[in-house]
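The values are calculated or read from the model by the stated rules, or taken from the named source; none is laboratory data. Everything numeric in this text was worked out from a predicted model, so none of it was measured. Virtual Cβ from ideal backbone geometry, glycine too; neighbours counted across all protein chains shown. Protein only, heavy atoms only, side chains kept; ligands, DNA and RNA dropped before computing areas. Shrake-Rupley method; radii C 1.70, N 1.55, O 1.52, S 1.80 Å.
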Protein chains: 2
Amino acid sequence: MSERRATITDVAREAGVSASTASVVFSGNAPASAETRRRVLAAAEALGYTGPDPRAASLRRGRSGIVGVVFGGSLRSAFHDPVTIAMMDGIAEGVSPLRAGLLLLPDETSSAAPAAGTDSGAIEVPSAVTAAPIDAAVLVGFGQTRQPSLDVLRARRVPVVIIEGDAGPEIPRIELDNSAAQQRAASYLRDLGHERVTLLTLPIRPSRARGWFGPRDAVEVDVTAARLAGAQAVYPDAPTYAAVTSSIDEGLIAGREILAGPDRPTAVIAQTDLLAAGVIRAAEECGLRVPEDLSVTGFDGVEVDGLDAYELTTLVQPAVEKGRAAGAAVVSMLAGEDAASVTFTCSFRIGTTAGPVPRG
Amino acid sequence: MSERRATITDVAREAGVSASTASVVFSGNAPASAETRRRVLAAAEALGYTGPDPRAASLRRGRSGIVGVVFGGSLRSAFHDPVTIAMMDGIAEGVSPLRAGLLLLPDETSSAAPAAGTDSGAIEVPSAVTAAPIDAAVLVGFGQTRQPSLDVLRARRVPVVIIEGDAGPEIPRIELDNSAAQQRAASYLRDLGHERVTLLTLPIRPSRARGWFGPRDAVEVDVTAARLAGAQAVYPDAPTYAAVTSSIDEGLIAGREILAGPDRPTAVIAQTDLLAAGVIRAAEECGLRVPEDLSVTGFDGVEVDGLDAYELTTLVQPAVEKGRAAGAAVVSMLAGEDAASVTFTCSFRIGTTAGPVPRG
DNA sequence: TTGTAAGCGTTATCAT
DNA sequence: ATGATAACGCTTACAA
């Protein structure tokens, strides 16, 4: 019984109607008499036909019912970032009117390693972004650096919306007031009297290793640059240290180095909550109390592992709303309307991890 | 310039070759002379052709390059469960040889509410699972209860692998030694002298509310039943309390009730780490020390929020490996081989949350 | 190495 | 309300 699968034509024949009529019964795109419907459905049942082949339908309709979510970083790290997960929630919610699925797509790799043994003219294996049957895409975790994925999508004329990034004037952006928000935290620290402040940033370039950097190092990652600018508006000369990822462990490593120097800061402005949590751990390791000996601020407003004893002083970003807005933008674009860019505002949450500058 | 998009035929014509030759240049499925390749690529460039339309290609090839991941619960909750996220990591890794994308699919809703105002013969809107162009599917978070999604996929003859669930003899299963593992934790507690032990379980039925249950209540959820059986092998008469989800908050609520009774247990066996963490919080609330006054064990071996002071005594499950195995199974099935079921083993990690029974 | 031909399974359009 | 027809854009035997 491993015969050829039944097609809509088979069903139509069995039901004694035309293929187009059967199609209409399944799609509901035109009226059909109750009797016809019954017969078609019965025939389908009898033949084990489960409905139109999605591949054929999407070719014909020109729509696949799939929205791609392209991650600038690795999928792995995306899953581990609570902010990204919250955004995904929002995206799923935002596109739900489309009844579309979300397709997780890794970023286009800049250059696929050519298969060994193939001659130099070898065909490039098409990447997921190139070959995925998506109706639209949401870009997440991209900097302003020209990313290959973006070029591919533009060439394919796939409607795109980008979250926290710049994909050119045509592409709707979902933004955060990163700079202004970060500035508020910095001002708060200054008001508390802090002068020796160190800034712990997200990566400044996709490729760069962790470490201190200076004004001559170009900051290519949008989010990093914006938050950095906000902090530097208040502390223009603060030492800056770049992490390579946003995690507690990374914050711990960075924190150890930041706190080890001879001229230890009285406050650390971390660009994410996870990094901040790591810095707090590092402080604990050196026997420093937070906030008595060291103030630490974060960014994101997510729940953080093992920070029970503290409530982080941080900027709370509306991560779910960001996703929802991106989803909504996709929906409008697919409806032929054009979608506006949106900028969301972070709220400053005063917790227990920042206090007055220690005396003396 | 919003003309019709160029097709491979246009490119072929422009390059002065046949469509099939152009196709071959893009797919690499047959040799083409360097000169031909050059001409075709140049023509494509000139026409702004970005490669074969994925919808058309997948119709013709009968493959979409997409693997569905179907979540038994809501997508939202799936994103918030650390075990699920770890598994997703593994799945992505496991299917990577396919260069396929992962499509997130919500479970088929048992019965879509018919649109108001439509006559009773209204067409059901096809669900995501029915209409998604997937080559295979991984089922996550399903019980043994017959789930509609599974029926749909079977009818569609989509190759399926199920993680922690039973989808019938034909479907490869990725399993955990839930029962044996849980029994180890229970034995450990018994060796420590515990006699008054309460079991805090995952939901026993998809629909059920939280609360105490007894031997007469059917446990319909596989994982719950297996872990329960393991604990009951050691403590057959232990009181049993079902949570409605796996979260710290839920564990806290359950924990309060469990610890409130007149005959307070000396140990709680929780079916997940998050629930265990909640119980520990509840214990702290009543001024009970863990493990001096109350022993608590978990299950999963994930990092838990706010459990900094403790290291949970728990069963560590290889969540990533589970996903990887599921991905690998999909790869074999798609290659025409059949995939074997796999059972993974949990390791018992002795932490600081279980100790000797307190002296009377 | 390249071209010819025949679909893949569906749905939109238009006529009846 | 139903049917005939013509695409949708591509790939793969097979032949040359």
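Spin-label model, A:Ala30 to B:Ser187: label points 7 Å out along the Cα-to-beta-carbon direction sit 7.0 nm apart.
Using DSSP to define loop residues, name the GluC sites (Glu not before Pro) in region A:209-298 whose beta-carbon has at most 12 other beta-carbon atoms within 10 Å.
A:Glu292
For region A:185-208, the residues whose amide N sits under 20 Å from a probe point set 7 Å from the Cα of A:Ser74 along the beta carbon direction are A:202-208.
Solvent-accessible area per residue in chain B equals 45 Å², computed with a 1.4 angstrom probe and all protein chains kept.
For chain A, a simple Cβ point-charge model (Lys and Arg +1, Asp and Glu -1, everything else neutral) yields a dipole of about 980 debye relative to the Cα centre.
Over region B:281-360, what percent of the accessible surface lies on carbon and sulfur atoms, probe 1.4 Å?
That fraction is 49 percent.
How many percent of the accessible area of region A:9-52 is carbon or sulfur, using a 1.4 Å probe? Heavy-atom surface of region A:9-52 belonging to carbon and sulfur, 1.4 Å probe: 52 percent.
Note on chain A: Cα-only Rg and Dmax are 26.3, 93 Å. Helix A:178-191 against the longest principal axis of chain A: what's the angle in degrees, Cα atoms only, rounded to the nearest 10? Compared with the principal axis, the helix lies near 20 degrees. Placing a label point 7 Å from the Cα of B:Asp191 along the Cα-to-Cβ direction, the distances to the matching points in the other copies come to 5.8 nm, shortest first.
Comparing A:Leu307, A:Ala225, A:Val17 along the charge dipole axis of the protein assembly as shown, the residue lying farthest to the positive side is A:Val17, per the Cβ-charge model.
Computed with every protein chain present, the accessible area of A:Ser74 is close to 60 Å² [probe 1.4 Å].
Temperature 4 °C, viscosity 1.567 mPa s: under these conditions the Stokes-Einstein estimate for region A:160-242, based on its Kirkwood radius over C-alpha pairs, is 95 µm² per second.
Looking at region B:178-317, I'd like the Rg to Rh ratio, where Rg is from alpha-carbon atoms and Rh is Kirkwood's inverse mean 1/r.
Value, to two decimals: 0.92.
The accessible-area loss of region B:303-347 on complex formation, taken against its chain alone with a 1.4 Å probe, reaches 40 Å² or more at B:Asp305, B:Gly306, B:Asp308.
Between the DSSP loop rule and a limit of at most 10 other Cβ atoms within 10 Å, which GluC sites (Glu not before Pro) in region A:1-44 are left? Passing sites in region A:1-44 are A:Glu3. By the Kirkwood approach, averaging reciprocal distances over each pair of separate Cα atoms, the protein assembly as shown gets a hydrodynamic radius of 28.3 Å.
Do any residues of region A:64-89 lose at least 10 Å² of accessible area when the full set of protein chains is present rather than just their chain alone, and if so which, with a 1.4 Å probe? Those residues are A:Ser64, A:Ile66, A:Leu75, A:Arg76, A:Phe79, A:His80, A:Ile85, A:Met88, A:Asp89.
Label-point spacing at A:Gly336 relative to the other copies reads 4.6 nm, in ascending order, each point sitting 7 Å out from Cα along Cα→Cβ.
Only protein heavy atoms count here, probed at 1.4 Å, and on that basis chains A and B bury about 4500 Å² of accessible area in total. Check each of the trypsin sites (Lys or Arg not before Pro) in region B:2-110 and keep only those in coil by DSSP with at most 14 other C-beta atoms within 10 angstrom; list them in order. Passing both the DSSP loop test and the Cβ count: B:Arg4, B:Arg5, B:Arg99. With a 1.4 Å probe rolled over the protein heavy atoms of all chains, the accessible area of A:Tyr188, B:Tyr235 falls in the order A:Tyr188, B:Tyr235, largest first.
Compute the angle between helix B:222-234 and the longest alpha-carbon principal axis of chain B, please, reported from 0 to 90 degrees and rounded to the nearest 10. Tilt of helix B:222-234: around 30 degrees. Using C-alpha pairs below 8 Å separated by at least 6 residues, the relative contact order for region B:9-52 is 41 percent.
Counting only protein heavy atoms, what percent of the accessible surface of region B:148-227 is carbon or sulfur at a 1.4 Å probe? Display every interim value, and only then the final one.
On the way: 1740 of 3450 Å².
The computed percentage sits at 50.
Tally Lys/Arg at +1 and Asp/Glu at -1 over every other residue whose Cβ is under 14 Å from the Cβ of A:Thr297; what's the total? Overall, the nearby charge balance is 0. Applying D = kT/(6 pi eta Rh) to region A:151-192, where Rh is the Kirkwood radius over alpha-carbon pairs, T corresponds to 25 °C and eta to 0.890 mPa s, the Stokes-Einstein value obtained is 195 µm²/s.
A point 7 Å from Cα along Cα→Cβ stands in for A:Gly48, and the other copies hold the same point at 4.6 nm, listed in rising order. Here the scattering of region B:9-52 is modelled by Debye summation over its C-alpha atoms, one equal scatterer each and no solvent; at q = 0.14, 0.30 Å⁻¹ the log10 of I(q)/I(0) is -0.23, -1.12. Peptide A:45-57 is shielded by partner chain Cβ atoms: per residue, an average of 5 of them sit within 10 Å of its Cβ. A Cβ-based charge dipole, computed about the Cα centre of the protein assembly as shown with Lys and Arg at +1 and Asp and Glu at -1, lands at about 1860 debye. Full extension of the chain between B:Phe348 and B:Asp166 gives 63.0 nm of extra length, using 0.36 nm per residue less the Cα-Cα distance.
Could you tell me what % of all Cα pairs in region A:242-281 have separations over 14 Å?
33 percent
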